[in-house]
Structures are given as structure tokens and as C-alpha cells.
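J.: Quick one: structure below, then a few questions.
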Amino acid sequence: MKDNGSISPLLYDLDYTIITGKDLHDRQPTELHNKAYAYWKAFWRNVFKENGMQGDVLRKEDFLREDFITILSHKDEIAGIHLYCQFDLELEASRDHIYFMHNYGPQFTEQLRKNGIRHVMTIEYLTVDPAWRKSKVGVSLGHVFCALGAQVAAYLDVDAAVSACRMDVGANDMLAKCGGVSYGKTDLYNTPVEYMVIPRELNRTHSDPAVASLVNQYWNRRIDLTTRLPKRSHLKIAV
């Protein structure tokens, strides 16, 4: 895909599409939703299997929970998927949600609240096809997705973006380059993770110019098929 370590020209042809996992409506593309779900399900079942998890531990209902399902694709080929969901931590139902209870726990949630963080957007299930990894295309789509996630959080004007980041693939470093700070480490599904938080005031453009350039291009050309992103003339994000 790339030549002599340069950036693959295919990266400039990727579509960045945003759909929602729930509240389906006339604009929701059923075929794309089903295709993304099938890809995501197969990808993460394989991840958990490779990590030595027994049985089918993937919570498939998570996909339907998401406010935003972001997809990078080239024609009919999915290059990657990233999922985001909003929570109000002053709501007891949010704090008791199985996703928060299992992946973060009450100590993490209380630490956020003590720091004045109420409205959060989770960054979840970073999924990049092996054919589109940095070694093949010259730029990490993982870094691109995480920077786009920070962009969505800024667009929504939430107090913070939060994520339980897989350390084995460097997802914690990806969010750190967008202003993320560590809230501790643990193990989930036999995988070391670091809790990363991007507070609104620290949210910034990715520090790698090549990543930042692609993020800007994808964002400006985004295909938003949801009704959930507000209309804004500018973003509250540092450069």
C-alpha cells in the first residue's frame, strides 16, 4: 500500500462515516450498520480469544448502546471502527451501568466527580484492520481514530473523554498525544489497561503533524448520518 516508508495515497481516499448504534431512523444505513457490527463482533471475539479468555465474553449489546459508531472505509472495505457513548455521572443509573461498573468501577467514577467531571464521552473498542496498520500504510489509524475521538468530545463540549486503554497496542499513548492524563492502571480481559482521561481544558490537536493533517481532512469531509452531533461553527480544542 505504501512506497519506501511514505504515507499510502489510499489514506487520502478513506471515508469517515458516523452512524449511531441506537435510535435508528430513516437516515440510518442498515447495510452499513450490519456490516460494521459483523466486523466489530468478529474482530473483538478474536482479540478476546487471543488473550486467553474462555467462552464468548464480548458484550454484543455494547454496539447497540453507542451514541456514535465511527467508521473509516475505502470503498466497500472497512479499515477501522471506533465507538463513543455519553454518560452523565450525576445519574446513579450511569454509575451503575454494567459498562462503567465492569470496566471502570466506583473508585474511578468518584475520582472524576471529585475533579468536577460530570458529562463524559467514553472512547471504546479501538478496531483497526491489520491491512491498514502503520506498517502497511505509513500512519497509525489508531492514533487517527483517537484524535478523531478527542475531536468528537470537543464538538460535544463534554467535561472529558474517558477510556480504558489497551496498553499492549499503545492506546494509552495515543490518547496522551491528544491531552490525555492517566487515572491509574488495571487488567481487563487478561489485558493491561490504563485509564486515560482527556479533560476539556487539556483536549488538544494530536502532536504528530501527519496524524493531525489526516484528522483535519477526515473531519472536514465527515459523513454524519446521526442526529446527535450539534451544529457548531468552531471547536474548543487547543492547537
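J.: Being surrounded by 14 or more Cβ atoms within 10 Å (Cβ to Cβ) and either modelled with pLDDT under 95 or closer than 18 Å to residue 160 by Cβ (or both) narrows it down to one of 225, 214, so name that one.
T.: Unique residue meeting the criteria: 225.
J.: Follow-up question, since we're still on this one. Tell me which of these residue 94 doesn't satisfy, since it passes every other one: (1) among the hydroxyl-bearing types (Ser, Thr, Tyr); (2) in contact (Cβ under 8 Å) with a residue 12 or more places away in the chain; (3) assigned to a helix (DSSP H, G or I).
T.: All conditions are met except number (2).
J.: I'd like the residue in region 49-71 that is closer than 15 Å to residue 124 by Cα and in contact (Cβ under 8 Å) with a residue 60 or more places away in the chain and, out of all such residues, is surrounded by the fewest Cβ atoms within 10 Å (Cβ to Cβ).
T.: That would be 62.
J.: For region 109-126, which positions are assigned to a helix (DSSP H, G or I), over 17 Å from residue 86 (Cβ atoms) and not charged (D, E, K, R)?
T.: If the condition is that a residue be assigned to a helix (DSSP H, G or I), over 17 Å from residue 86 (Cβ atoms) and not charged (D, E, K, R), then 111 is the only one that fits.
J.: Contact list please: Cβ distance under 9 Å, first residue in region 34-45 and closer than 17 Å to residue 20 by Cβ, second residue assigned to a helix (DSSP H, G or I) and of a type outside the set (Phe, Trp, Tyr), pairs at least six apart or on different chains.
T.: What qualifies is 37/64.
J.: Which count do you get for residues in region 59-76 that are more than 22 Å from residue 171 (Cβ to Cβ) and part of a strand (DSSP E or B)?
T.: Selection size over region 59-76: 1.
J.: For region 127-188, give me every one of the helices (runs of 4 or more DSSP H) that falls completely inside it and has 1 or more residues that are closer than 17 Å to residue 82 by Cα and in contact with a Phe, Trp or Tyr (Cβ under 7 Å, 6 or more places away or on another chain).
T.: Once the helices (runs of 4 or more DSSP H) in region 127-188 are filtered for at least 1 residues that are closer than 17 Å to residue 82 by Cα and in contact with a Phe, Trp or Tyr (Cβ under 7 Å, 6 or more places away or on another chain), what remains is 141-156.
J.: Could you tell me whether residue 99 is surrounded by 14 or more Cβ atoms within 10 Å (Cβ to Cβ), in contact with a strand residue (DSSP E or B) (Cβ under 6 Å, 6 or more places away or on another chain) and outside any strand (DSSP E or B)?
T.: Answer is no for this residue.
J.: Follow-up. Closer than 18 Å to residue 156 by Cβ, modelled with pLDDT of 95 or more and either surrounded by fewer than 19 Cβ atoms within 10 Å (Cβ to Cβ) or of a type outside the set (Asp, Glu) (or both), is that true of residue 20?
T.: Answer is no for this residue.
J.: Looking at (1) more than 15 Å from the chain's Cα centre (by Cα); (2) in contact (Cβ under 8 Å) with a residue 12 or more places away in the chain; (3) open to solvent by less than 50 Å² (accessible area, probe 1.4 Å), which is the only condition residue 15 fails?
T.: It fails just one condition, (3).
J.: Residue 107 fails exactly one of the following numbered conditions: (1) open to solvent by 30 Å² or more (accessible area, probe 1.4 Å); (2) in contact (Cβ under 8 Å) with a residue 60 or more places away in the chain; (3) of a type outside the set (Val, Ile, Thr). What is the number of that condition?
T.: (2)
J.: For region 192-208, name all the residues that are open to solvent by less than 20 Å² (accessible area, probe 1.4 Å) and either modelled with pLDDT of 95 or more or part of a helix (DSSP H, G or I) (or both). First the steps, then the outcome.
T.: As a first pass, look at region 192-208 and keep what is open to solvent by less than 20 Å² (accessible area, probe 1.4 Å): 193, 196-199, 203, 206.
If the condition is that a residue be open to solvent by less than 20 Å² (accessible area, probe 1.4 Å) and either modelled with pLDDT of 95 or more or part of a helix (DSSP H, G or I) (or both), then 193, 196, 197, 198, 199 are the ones that fit.
J.: Further question: Tell me which residues, restricted to region 77-91, are part of a loop (DSSP other than H, G, I, E, B) and closer than 17 Å to residue 43 by Cβ.
T.: none
The values are calculated or read from the model by the stated rules, or taken from the named source; none is laboratory data. Just so it is clear, the model here is predicted, and its values are computed rather than measured. Positions of Cβ are generated from backbone atoms using ideal geometry, with glycine treated the same way; all protein chains shown enter the neighbour counts. The area values use the complete protein model at the heavy-atom level, side chains included, leaving out ligands, DNA and RNA. Shrake-Rupley method; radii C 1.70, N 1.55, O 1.52, S 1.80 Å.
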